[in-house]
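Okay, structure first, notes after.
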Amino acid sequence: MEHFLQVFAQAISPYAVMGLVCGNLGGIYAIRKHYKEYGLLISAILILASSLAGAAVSQYLNESWRYANIWLLGLIGLVVGVPIGAILQTIDVLSPEFA
């Protein structure tokens with residue numbers, strides 16, 4: 001088990017963790033007014049998707065573009081998390097029949 005934790009700690013960078021946390025905050029911010037309409041399951045899925053998108057963008061920018069400022073990557077994760085959390089509202093506005 002200790003080998004698993006060592007490999008896991010090396011695989012997950014602090015940049016991805018910061019993007020995950022800030023993407024989560026962005027998703028919560030986007031869903032705050034509509035969580036009663038969507039229900040708990042859909043809200044949790046949207047917040048999880050926001051978190052994963054924020055972590056993915058932060059990790060990509062760190063590896064490919066060599067951004068090393070953890071606060072900037074957290075801010076970018078937050079900015080990416082908001083539209084992912086609001087995707088159902090966007091679909092409702094763009095195509096009410098589909099929603």
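The values are calculated or read from the model by the stated rules, or taken from the named source; none is laboratory data. The structure displayed is predicted, hence computed values, not measured ones. Here Cβ is always computed from backbone atoms with ideal geometry, including for glycine, and neighbour counts include all displayed protein chains. In case anyone asks, the SASA skips ligands and DNA or RNA and just uses the protein heavy atoms, side chains included. Shrake-Rupley method; radii C 1.70, N 1.55, O 1.52, S 1.80 Å.
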Test for residue 19: is it of a type in the set (Gly, Ala, Ser), modelled with pLDDT of 95 or more and part of a helix (DSSP H, G or I) = yes
query = Is region 85-96 home to any residue that is touching a helix residue (DSSP H, G or I) at 6+ places or on another chain (Cβ under 7 Å) and free of Cβ contacts under 8 Å to residues at least 24 places away in the same chain?
reply = no
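Yes/no per residue for (1) closer than 28 Å to residue 10 by Cα; (2) part of a helix (DSSP H, G or I); (3) open to solvent by less than 70 Å² (accessible area, probe 1.4 Å):
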site: 26; (1), (2), (3): yes, yes, yes
site: 30; (1), (2), (3): no, yes, yes
site: 38; (1), (2), (3): no, yes, yes
site: 48; (1), (2), (3): yes, yes, no
site: 53; (1), (2), (3): yes, yes, yes
site: 58; (1), (2), (3): yes, yes, yes
site: 66; (1), (2), (3): yes, no, no
site: 74; (1), (2), (3): yes, yes, yes
site: 93; (1), (2), (3): no, yes, no
